[in-house]
Amino acid sequence: MSEELFEGLLDNIVEEAVEEPTPAKKGKGKGKEAPKKVMVPEITVYEPFVGIPTGSLEFDYAISGRGLPRGSVTYISGPKGAGKTALAIMTCVSAIQQRLKVAVLNPEGRWNVAYARDSGMGIPGKDYRLYVPETLEDALNLTDDLIENEQPDVLVIDCVAAMPSRVEHNGTLEDEHMGKEARTWSKYFRNRIRAIARHHTAVLLLNQFRDKIGSYTGGNTRPGGNALDHYCSVGIDLRTPDYHYDNEADAKARRNPYGMRTSGSSWKNSLCQPQRPIEVELFLVPELSVNKLAEVVAFGKRYRVLTSKEGGPVAGGYHFYEGKPLGASKDETIATLASDLELMRKIEGEILSAMKGR
């Protein structure tokens, strides 16, 4: 290479090096780049949360007084047969009657379509969407896709304990994957809890108790890790229910119950005071339904919608509504409301208004 050509190339390199901007110095002082401003919208208007009535005044009261909260996660846990799926079906029936979108994820693949149809949910694919994911990752990806695109009003996941992680599903029985599900749930909620709030989806998570391992005192634990406890707005634990039988022989043999009382309490509630008791009377035959007449009478007395003759609290005598006697006892009042469903709905509406105001 000639000397002149070499000097020309060197001049070009020097010019390019001079024109290149100097990088910002690290640390404080002159030459440090200013941090980029991130525009975060400020919330200046308070909007109270909106709830979806569940069809049970007891359940509505235990959650918040307004029903299943939109844009939040409601977490129900309990032993087997506690009534978790029954409460979910009841909530879905109420939402479908309000012409809302409902989606159900059932990884076990044991969703009783006929029983749900007879209870008022209708037919999958027509009245609501039913999915059977195989793994936890598939369920969460499907949940994300549904919330972003389909935007259901109610999304039920039944249940958390039945969903294995993908590595567990694709592995062998000898493999151990401690904490994999818990980390996956935590990662999902950290990234997607804002999408649930943004699309106003009411998510209902069901979980089943498991026995603690290595504990001398026994006790129960919830599969899925502590992230489910942290990110839910309402957490409810159910207890073993009491079943109702037609006769003493069925009660002794514990067979053919016609109803059940599922009970529990809320251990976490970001919407109202926690530890509210819950006792829901359910009919199991001929289809799943709530004993709404008994709930209307009980909550009518609690909120002074039903009063005594003088306008005070009912103390076992006549039940009055707007000065009109309904019955001399609870059973007579229930019979009166059963014969006049329009009056029952009117009283229920006043009770719901009173519950929202507290």
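Given the DSSP H assignment, sum -39500 (n - 2.57) over each helix run of at least 4 residues in the chain and divide by its residue total; what's the result at 222 nm in deg cm²/dmol, nearest 500?
-10500 deg cm²/dmol
Using θ = phi - 60° and the Karplus curve 6.51 cos²θ - 1.76 cosθ + 1.60, what whole-Hz ³J(HN,Hα) does each residue of region 91-100 get, with Gly and Pro shown as x?
So the J values, rounded to whole Hz, are 5, 5, 4, 5, 5, 5, 5, 8, 6, 9.
Placing +1 at every Lys and Arg Cβ and -1 at every Asp and Glu Cβ, with all other atoms neutral, what dipole size does the chain have around its Cα centre, in debye to the nearest 20?
The dipole of the chain has a size of about 1760 debye.
Net charge near HIS177: determine it from the other residues with C-beta under 13 Å of the C-beta of HIS177, scoring Lys and Arg +1 and Asp and Glu -1.
Result for the local shell: -3.
Rounded to two decimals, what ratio of Rg to Rh does the chain give with C-alpha atoms and a Kirkwood Rh?
A ratio of 1.20.
Run the simple label-point estimate for ALA335 and GLU174 please: 7 Å along Cα→C-beta, distance reported in nm.
Here the answer is 7.1 nm between the modelled labels.
Longer than 19 Å from Cα to Cα, which of LYS80/LYS126; LYS101/LYS126; LYS301/LYS346; LYS301/LYS324; LYS84/LYS346; LYS101/LYS356 are they? Say none if no pair is.
Over 19 Å apart, Cα to Cα: LYS80/LYS126; LYS84/LYS346; LYS101/LYS356.
Just the number, please: Stokes-Einstein D of region 304-358 in µm²/s, Kirkwood Rh from C-alpha pairs, 10 °C, 1.306 mPa s.
138 µm²/s
What is the spin-label model distance, in nm, from TYR318 to LYS126 if the labels are put 7 Å beyond Cα along the C-beta direction?
Rounded to a tenth, the inter-label distance reads 4.9 nm.
List the residues, sorted by chain then number, that are 5 or more residues from LEU238 or on another chain and whose placed amide H is less than 5 Å from its amide H.
Placed amide hydrogens put SER77, GLY78 under 5 Å from LEU238.
Calculate, in nm to one decimal, what GLU134 and LYS356 gain on full extension: separation in residues at 0.36 nm each, minus their alpha carbon distance.
Result for the pair: 76.0 nm of gain on full extension.
Throughout, read-outs are computed from the coordinates displayed, never taken from laboratory work. From a predicted model like this one, the values you see are computed outputs, not experimental measurements. Every residue, glycine as well, gets a Cβ built from its backbone with ideal geometry; the counts of neighbours run over all protein chains shown.
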